Amino acid sequence: MSDKFKRLVFGSVLAVVAGVVYWSLSRPLAPTTSGGSIVDAEPEVPCPPLANAEWRAAQTIDGVEIEADPSCEPDNPAVVAAVVKGTNRAVKALMDTRLARDTVIKRRNLDGDGDPDEIEIKLEVTELNGFSPNIPDPSLLFPIAPGITPGLWVFTPKVRGMATTNFLSNRPQDLLRLPAPVIRVEQGDHVKITLENTHYFPHTIHLHGVDHPFMLPDGRGNDGVPMVSEMAVMPGGSRTYEIRPRQTGTFFYHCHVQPQSHILMGLAGMIVVEENRPNNWLQTLNIGAGRVRHRSVASRETYDREYDLQYQDMDRELHALIQKSNDIRRTAKAMNRDYKIAERTAEYYLLNGHAFPYTLRDSLVIVAPDEAVKLRVINTGSQSIFLHPHGHKPTVTHYDGVRLSQPIIRDVIEIGPAQRAELELHTVDDGLNSYGPGAWFMHDHHEPGVTTDGISPGGDISLVVYESYLREDGIPRTVGDLTPFFNPAYYRGEIPVWADMDPQLYGDGAAPAAGTPHSMNSDEAR
Ligand SMILES: [Cu+2]
C-alpha cells in the first residue's frame, strides 16, 4: 500500500470519526420510546414497538427449549438459553446477550443424573437513577412508572460491555434493572454465589431461609451479617458464599449491611431451590422476575406455567438521598444517621420492579383456561401486602418454602415483609378457583398499594389475563383505553380524572390540547 493511499485512508477515517463526534455532540437528544435517551417521552404508547418481536415466540436456542411469552416486553431468549446451559458453555447464545463469560458457570454432573450440579453465579451491584453533578439527568435512567425515577441499588448479573443500551442513551441495558434476578438452583447442588462489589458502599449477601453453614471449613463467614459472621465486602472487593441446600422452597437473598436502608433500596431478590430430578437444567437467573421461560422438571410435571412475583414498597425520601450529592460521606450520613425509618411512608408500590402501568408490559400473569399455574410470591418491602387476584381463589401450598399440611384457598393472601407464599392458580371455571376467562385485576388490597405517590391507578396493579383477552402487542384488551396512564403528567397530578367522560363536569376548564390523553374512555366520549 502506497504512503499516499495510507494517508488518504487515514484522513478519510479521521474525517468520518470527527463527523460522528460532531453530530453526536450537536444532536439534540430527542426523546424516544425505547432504548431512548436523557428524558422521558410524554405521553408514551402502552407498548413501544418491539425491536425483536421474535423474542415472544417459543423457540429452541443452543438446544435449550424456551416457552413463548406473548407479553409486551418478553425476556431476551438468548439470555434464558445462556443461563440454562451456563455462560461458560453456551458460547453461541452468549454472543446475543451482554452476560459475562463467567456470570453462570456450570461444571460437573456430580450425581450422574444428566444435569450439572456445580454452579457458580456472579452478581454485581448496580445503582439506577443515580446522580452526578456533572450530568443534568440521572445516569442509568430506569423509570418505575412514567416519569418516576427513585434512586435504586440492585443486585445484577455480572455483565460485559457498556451499562447503557448505546452510547447516546442513558437507559440501562436490559440486564441492569429492578428487581434483582431470581436465582434457581437444584436441591443438593454445590452452589457458589460471588458478590463482586461494584458499588461505593459495603455490601453482603444473606441467604434467608436457604440452608447454609454459618462458617465455611476454611473459616470464611457465610451468613452475610457484617461484624458477626464476616466483614462486609468493601467497594472493589468480592466474597463467595457457598451452599448445598438440603430443602426445596422459595427463599430470599438480600444485603445485610444497614438492612433498614440497603434492602429497601433494592438489594433483595428471590432464590428458589428446586427438587432434584434427572436432566433438570434450570434457568439459573430470571432477569426482572416474571415468567419462567425454561421451567424445572418438577414444575413441568405439575404446572402449565410459572411466574416469579416480587413485591416491594418504597419511601420516596430514602430513594432521593443518593440523588442529592456525589460525596459518599454525605450520602452515608444522610442515609444511616439522618434518615428516620420509623417515620417512613411508602409512596411507591412495585411488582417486579415496576408500578402500573408499566406492570402491563412485563408483569402480567398470562393464563389459558383449565391450567394449573404456579406463582411464587415474595414481599421484599416493609409493609404487608394483601394480594387479591380478581376472579380467582388461588390455593396457598407453601409459606416460607415449607409445604402446608393443609393447603389454604383464599382470595386475599397476606404476605408480610420477607415472607414468601407459593400459590397454585387453577383456571378451571368452577366459580371457586376461577370465574372464567377475562382480564382480571390483581393487586395489593392494602389501599396505598394501588397508588403511585397517592395517584390511582398505580402501584402494584397487574392482571391475571387470559390469552383471549390479550392484544397482539401483549397489552390486555380492556373496555377503556389505558393509554392516558402512560404519561408522566398523569402521575404529576396534572390530568383531571374522568375529564373525558364529561369535560364539563370533571374537566379543568381548559380545552384539551391535541394529542393529550384524558381518561379511560376517550373513544366513547368523542
Ligand atoms: Cu448493602
### Query
Which residues, taken from the stretch 430-456, are without any contact (Cβ under 8 Å) to a residue 60 or more places away in the chain and under 18 Å from Gly480 (Cβ atoms)?
Gly438, Ala439, Trp440, Phe441, His443, Ile455, Ser456
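When you check Leu128 against the structure, is it over 22 Å from Glu242 (Cα atoms), surrounded by 24 or more Cβ atoms within 10 Å (Cβ to Cβ) and without any contact (Cβ under 8 Å) to a residue 24 or more places away in the chain, yes or no?
Here the answer is no, as Leu128 does not meet what is asked.
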### Task
Would you tally the residues in the stretch 257-289 being within 14 Å of the ligand (Cβ to nearest atom) and farther than 28 Å from Glu73 by Cβ?
5
### Given (1) within 16 Å of the ligand (Cβ to nearest atom); (2) acidic (Asp, Glu); (3) surrounded by fewer than 20 Cβ atoms within 10 Å (Cβ to Cβ), number of the condition Asp111 does not satisfy
(1)
### Subset of the stretch 197-256 (residues that are within 14 Å of the ligand (Cβ to nearest atom), in contact (Cβ under 8 Å) with a residue 60 or more places away in the chain and aliphatic (A, V, I, L, M))
Ile205
### Message
Take the conditions modelled with pLDDT under 95 and assigned by TED's automatic domain parsing to the domain that holds Val273 and apply them to Thr164. Does it pass?
### Response
yes
### Query
Does at least one position in the stretch 238-248 carry a residue that is surrounded by fewer than 17 Cβ atoms within 10 Å (Cβ to Cβ), of a type in the set (Gly, Ala, Ser) and under 25 Å from the mean Cα position of the chain (by Cα)?
yes
### Task
Exactly one condition in (1) more than 22 Å from Thr331 (Cβ to Cβ); (2) of a type in the set (A, V, I, L, M, F, W, C); (3) assigned to a loop (DSSP other than H, G, I, E, B) is not met by Ile121; state its number.
(3)
### Message
Looking at Val402, Val465, Val497, Val450, can you tell me which residue is surrounded by fewer than 17 Cβ atoms within 10 Å (Cβ to Cβ) and either closer than 30 Å to Glu42 by Cβ or charged (D, E, K, R) (or both)?
### Response
Val497
### Query
Quick check: is even one residue across the stretch 475-490 assigned by TED's automatic domain parsing to the domain that holds Gly391, under 23 Å from the mean Cα position of the chain (by Cα), within 23 Å of Cys47 (Cα to Cα) and of a type in the set (D, E, K, R)?
no
### Message
Consider the stretch 293-311. How many of its residues are among the hydrophobic types (A, V, I, L, M, F, W, C) and in contact (Cβ under 8 Å) with a residue 24 or more places away in the chain?
### Response
2
### Task
Collect the residues in the stretch 397-420 that are part of a strand (DSSP E or B) and within 19 Å of Phe441 (Cα to Cα), keeping them in residue-number order.
Ile409, Ile413, Glu414, Ile415
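The values are calculated or read from the model by the stated rules, or taken from the named source; none is laboratory data. These numbers come from a predicted model, not from an experiment. For neighbour counting, all protein chains shown are included, and Cβ atoms are generated from backbone atoms with ideal geometry for every residue, glycine included.
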